[in-house]
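Only one structure is covered here, and it is reproduced in the block below.
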Amino acid sequence: VLVLATGSVLMTPPVPGIDGKNVVDVISVDSKKVTTGQKVVVCGGGMSGLECALGLAMEGKEVTVVDMVPVDKFASEIVFFTRNMLLEQLGKYGVKLVGDSKVEAITEKGVETIDRNWKRVTYEADTVVSAFGLKSNTEGFDVLTRLVPETYIVGDCGDGAKSIGNANYTAFHQLVEV
C-alpha cells in the first residue's frame with residue numbers, strides 16, 4: 001500500500017514580472033528568510049496573504065493587499081470569528097485592502113492592476129509578496145500509482161489545497177474507511 005501525502009505548493013500565475021528581484025513569496029516572508037522594503041503590496045487576499053500583511057503592518061510597514069475577489073470575500077475560507085478578528089486587526093494597523101482587481105504586471109515600481117471597470121492602477125511597492133494561493137502537489141503521481149496498485153492520495157494533494165485541519169481530517173477519514 002502506498003499513501004501519498006505530498007501536500008501543496010505555492011501557485012505562481014503567469015504574471016509579467018513575477019520573477020523580478022522585488023518579488024518574494026509569502027512563505028519566505030513569514031519565515032523571515034527575506035526582508036521587505038517599507039512599501040509592500042501583497043498579491044492575494046486569502047488567509048496566508050492577509051496574515052502576512054498583518055505581520056508586516058505590525059512591523060510598521062505600509063501594506064496594500066490586492067486580489068481579484070471583492071474585499072468582502074477576502075479570507076472567506078476561514079471560520080467567521082477568526083476572519084472577523086483578522087479583518088479588524090488589518091484595519092487597526094492600516095492595511096489597505098483592494099478587491100475586484102486583477103494583477104496585470106509587476107514592475108520595479110510596484111503592482112499594475114486592472115479592475116472590473118477596466119480602470120488601471122499601479123500600487124507602488126519596494127517589495128511585492130506573492131500570495132496567490134496553493135495548488136495540490138501531484139508531481140510524479142502517475143509513475144507511482146502505476147507501480148503500486150493500491151495507492152491512496154490524501155490531504156492537500158488529494159482533496160485540494162485548503163487548510164492543515166482539512167488535510168488532516170480528510171486524510172484520516174479516507175484511510176480509516178479503507
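The values are calculated or read from the model by the stated rules, or taken from the named source; none is laboratory data. A quick note: this is a predicted structure, and the numbers were derived from the prediction, not measured. Here the Cβ is made from the backbone with ideal geometry for all residues, glycine too, and neighbour counts use every protein chain on show. Surface accessibility is based on the protein's heavy atoms, side chains included, excluding ligands, DNA and RNA. Shrake-Rupley method; radii C 1.70, N 1.55, O 1.52, S 1.80 Å.
The C-beta contact set for the stretch 15-39 (first residue more than 19 Å from residue 96 (Cα to Cα) and without any contact (Cβ under 8 Å) to a residue 12 or more places away in the chain, second residue outside any loop (DSSP other than H, G, I, E, B) and open to solvent by less than 50 Å² (accessible area, probe 1.4 Å), distance under 7 angstrom, 6+ apart or interchain) comprises 34/24; 34/28. Return the residue satisfying two criteria in turn: it lies in the stretch 115-157 and is open to solvent by 60 Å² or more (accessible area, probe 1.4 Å) and polar (S, T, N, Q), and of such residues it is nearest to the chain's Cα centre (by Cα). Ranking the candidates gives 138 first. Of the strands (runs of 3 or more DSSP E) lying entirely inside the stretch 50-140, those carrying at least 3 residues that are closer than 20 Å to residue 21 by Cβ are 62-66, 101-106, 110-115, 120-124, 127-130. Mind listing just one residue for me: the one in the stretch 11-42 that is closer than 10 Å to residue 131 by Cβ and in contact with a helix residue (DSSP H, G or I) (Cβ under 7 Å, 6 or more places away or on another chain) and, of those, most open to solvent (accessible area, probe 1.4 Å)? Per the criteria, the residue is 30. If you go through the stretch 1-42 and keep only what is in contact with a Leu (Cβ under 8 Å, 6 or more places away or on another chain) and more than 21 Å from residue 123 (Cα to Cα), you end up with 2, 3, 4, 8, 9, 10, 11, 27. If you go through the stretch 62-84 and keep only what is under 26 Å from residue 33 (Cβ atoms) and open to solvent by 40 Å² or more (accessible area, probe 1.4 Å), you end up with 62, 77, 82.
The residues on offer are 63, 98, 111, 103, and the sole one that is without any contact (Cβ under 8 Å) to a residue 40 or more places away in the chain and out of contact with any Leu (no Cβ under 9 Å at 6 or more places or on another chain) is 98.
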